[in-house]
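Okay, structure first, notes after.
A short reminder: the numbers here are calculations on the coordinates, not readings from a lab. None of the values given here were measured: they were computed from a predicted structure. Cβ placement follows ideal geometry from the backbone for every residue including glycine, while neighbour counts extend to all protein chains displayed.
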Amino acid sequence: MIQETVEFLNRLLPRELVTIIVAALPISELRGSIPLAMGAFHFSIEKAYLLSVIGNLIPVIPLLIFLESLSKWLSRKFSWADRFFSWLFTRTKKRGEIVEKYGAIGLSLFVAIPLPMTGAWTGCVAAILFGIRRLWAMLSIGIGVLIAGIIVTLASLGVIKLFW
């Protein structure tokens, strides 16, 4: 599904914007946008990294501001939303032990590890669940995204090997 979405977007939009959009999506984030930008679009390392980091950071502020109230409102209106958010919050709480233990520093580490369910989107959920203040959450998630971008870039270049 992601490949079809990327191909569709690539027909409509400039490759730079496609990279930003892929980085902003909750499933792909940096793990998808950096390999796409460097492999399929043949962007330089710097361009791929910069566009991907920007795209990955775009949803952070709106998520930190609106996610909690939006999830409560949707959960009251729709049973599917209640099930989804219950699942998401429970799963994040289980995986967010490092955030619970170390707060904002743990949040940076949580986001920096480029594994499924540990990116900026889930970091926003973890920040809300563990009561990290918005400013600290934004900074922590930003640092985590920068580190994750470096790790994914190095993996895309074959410098390091990741297991996912």
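The count of lysine pairs in the chain whose Cα atoms are under 24 Å apart, excluding pairs fewer than 8 places apart on the same chain, comes to 5. Net charge in the neighbourhood of L115 (other residues with Cβ under 10 Å of its Cβ; Lys, Arg +1, Asp, Glu -1) is +2. For the chain, the percent of C-alpha pairs falling in each 5 Å distance bin, counted from 0 to the bin holding the largest distance, reads 2, 10, 18, 20, 19, 15, 11, 5, 1, 0.
Maximal additional length on extending the V159-F78 stretch stands at 24.5 nm, based on 0.36 nm per residue less the C-alpha distance.
In units of the rule-of-thumb radius 2.2 N^0.38 Å, segment 60-153 shows an alpha carbon radius of gyration of 1.05.
Where in segment 140-154 does the label zone of I65 land, with the point 7 angstrom along Cα→C-beta and an amide N cut-off under 20 Å? Of the residues in segment 140-154, 140-143 have backbone N under 20 Å from the label point off I65.
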